[in-house]
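J.: Sending over a structure as structure tokens; questions will come in a sec.
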């Protein structure tokens, strides 16, 4: 087996593929080690949003933008809570990546660049995506990696989990041990990049690091392998204590602890004005439902017990507020109630509360006060101004929602050059990290910022690989 590599990439997902291709382009020999049976990682499940300022497509559409303007937008949305030493170079070079995708046949969604309203929006259209979500990015990465493999510049090991980082007497990382072909294989290189993603699919690690119950929409392979590998050789973590859920999702019909993202409730007021109220297990409301800022709703949800709430509405709302759930018609809502997990229907509010697991007295009191505010013309006690109708027409409905983990905020601590650091701030020679494994706190603070999951993963990894190819470690 040829083990003469310049770089070992642990993880064949978004950041790992970007780094491997860039390193091979720069003349390095690269080994990509992936525990799954296929490459791509979260590109198989993500929406694939990529941001860039000053991109070719922006210029073609007359959109004026610049890295400085974008950085100010990021600072506004994240409230300044991001690693500027990481993000400033990403913002400066992101347009190069978007244009590189264009040069390599990326199938852009014709509507992009545009402003995305699923999270707190930018003030300028700078989010790009493909017609096939994250798979559009993979469709560019895959043939480029295959060409390097064919030319002998890269190797790819699939079904090969890395079980150990190899170190020398001084603590420098010198390679990895991977389980492949039914045995442990050691392979060495002067540089190892950890790009294994987050831990949003591992309930035990999530409970240990975040201390909250996990309902996951994360990719199934996001089990925190990279954090364990790094910590075993002394790596420190960043982002401790930071968490923000994605706002609401119905429980998966067959798999506890997960959500079915294709059937998510539309809870953003910019997508659908709410006829329902949100209540916790005590039947109490905790945020104004017509709040336009999804960021404000997500932050309020952090303080809700068990991150669980119910949307409560009546039969009139089923017809008037459409669609309540992506891909559901009003008939779907009625037919799936008391059949689909988390969707309840009853002829009275008391029966509804009992079926859903909500305190009946609390719910009755809340609905009564809400109806009084509707009669008075509002706003109500939460400040809600959109009060279209009383909740009074039976049957009544409740949909259980949970704060959803798509991305994790805690990860390996790195410096601006992707070098992994110990808890004392010193770097571990030979060890680097990029992508979600460094934690979303580094790139988006305690917020969700459009395109700032994939974009930093790719650009940070490409910049690292370019420096490595230029002999800069």
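Just so you know, all these numbers are worked out from the coordinates, no wet-lab data involved. None of the values given here were measured: they were computed from a predicted structure. Positions of Cβ are generated from backbone atoms using ideal geometry, with glycine treated the same way; all protein chains shown enter the neighbour counts.
J.: Run through every distinct alpha carbon pair of segment 21-160 and return the Kirkwood hydrodynamic radius in angstroms, one decimal place.
T.: In segment 21-160 this quantity evaluates to 16.5 Å.
J.: Under 13 Å from a point placed 7 Å out from the Cα of residue 355 along the Cα-to-Cβ direction: which residues of segment 323-343 have their backbone N that close?
T.: 333-343
J.: Place a point 7 Å from the Cα of residue 386 along the Cα-to-Cβ direction; which residues of segment 298-329 have their backbone N under 16 Å from it?
T.: Backbone N within reach: 298, 311-314, 317-326.
J.: Additional query: Residue 4 to residue 79: extension gain in nm, 0.36 nm per residue of separation minus the Cα-Cα distance?
T.: Extra length from residue 4 to residue 79 when fully extended: 22.5 nm.
J.: Can you give the Rg to Rh ratio for segment 261-402, taking only C-alpha atoms and Rh from Kirkwood?
T.: Ratio of gyration radius to Kirkwood radius: 0.92.
J.: Order 213-222, 178-187, 286-295, 45-54 from most to least packed using the mean count of other Cβ atoms within 10 Å.
T.: 45-54, 213-222, 286-295, 178-187
J.: As a footprinting exposure proxy, order 278, 432 by other Cβ within 10 Å, with the fewest listed first.
T.: 278, 432
J.: Report the FRET efficiency, 1/(1 + (r/R0)^6), for residue 59 and residue 322, where r is their Cβ-Cβ distance and R0 is 35 Å, rounded to 0.05.
T.: 0.35
J.: Another question about this same structure. Calculate the length of the line joining the C-alpha centroid of segment 195-274 to that of segment 289-368, in whole Å.
T.: Here the two parts' Cα centres lie 23 Å apart.
J.: Report the FRET efficiency, 1/(1 + (r/R0)^6), for residue 335 and residue 228, where r is their Cβ-Cβ distance and R0 is 51 Å, rounded to 0.05.
T.: So, using R0 = 51 Å, E works out to roughly 0.70.
J.: Give the peptides 165-174, 341-350 in descending order of average Cβ contacts within 10 Å, highest first.
T.: Averaged packing, sorted descending, gives the order 341-350, 165-174.
J.: First measure r as the distance between the Cβ atoms of residue 108 and residue 254, then evaluate 1/(1 + (r/R0)^6) with R0 = 45 Å and state the FRET efficiency to the nearest 0.05.
T.: E(calc), rounded to 0.05, equals 0.80.
J.: Okay, moving on. So what's Rg/Rh here for segment 329-473, counting alpha carbon atoms and using the Kirkwood radius for Rh?
T.: Reported Rg/Rh (Cα atoms, Kirkwood Rh): 1.26.
J.: With each pseudo-label sitting 7 Å past Cα toward Cβ, what's the residue 186-residue 371 distance in nm, one decimal?
T.: Label at residue 186, label at residue 371, 7.4 nm between them.
J.: Say each of residue 272 and residue 204 gets a label point 7 Å from the Cα, pointing the same way as Cα to Cβ; how far apart are those two points in nm?
T.: Computed distance between label sites residue 272 and residue 204 equals 3.8 nm.
J.: Once you place label points 7 Å from the Cα toward the Cβ at residue 100 and residue 261, how far apart are they in nm?
T.: Placing both labels 7 Å along Cα→Cβ, they lie 2.4 nm apart.
J.: Write down the Kirkwood hydrodynamic radius of segment 121-202, to one decimal in angstroms, obtained as one divided by the mean of 1/r over all alpha carbon pairs.
T.: With all distinct Cα pairs of segment 121-202 included, I get 16.3 Å.
J.: Counting only DSSP beta bridges with both residues in the chain, tell me the antiparallel percent, nearest 5.
T.: 70 percent
J.: Using the alpha carbon gyration tensor of segment 298-379, what are the three equivalent-ellipsoid semi-axes (square root of 5 times each eigenvalue), largest first, in whole Å?
T.: Ellipsoid semi-axes (Å, largest first): 21, 18, 16.
J.: Taking Cα atoms, how many degrees apart are the long axis of helix 14-25 and the longest axis of the chain, rounded to 10 and kept between 0 and 90?
T.: Around 30 degrees separate the two axes.
J.: Another question about this same structure. Could you give the spread of the C-alpha atoms of segment 1-69 along their three principal axes, from largest to smallest, in whole angstroms?
T.: Largest to smallest, the principal-axis extents are 53, 30, 19 Å.
J.: If each residue's Cβ is checked for other Cβ atoms within 10 Å, how do 452, 324 rank with the fewest at the top?
T.: Lowest count first: 324, 452.
J.: Could you tell me what a quarter of the Cα convex hull surface of the chain works out to, in nm² with one decimal place?
T.: 23.0 nm²
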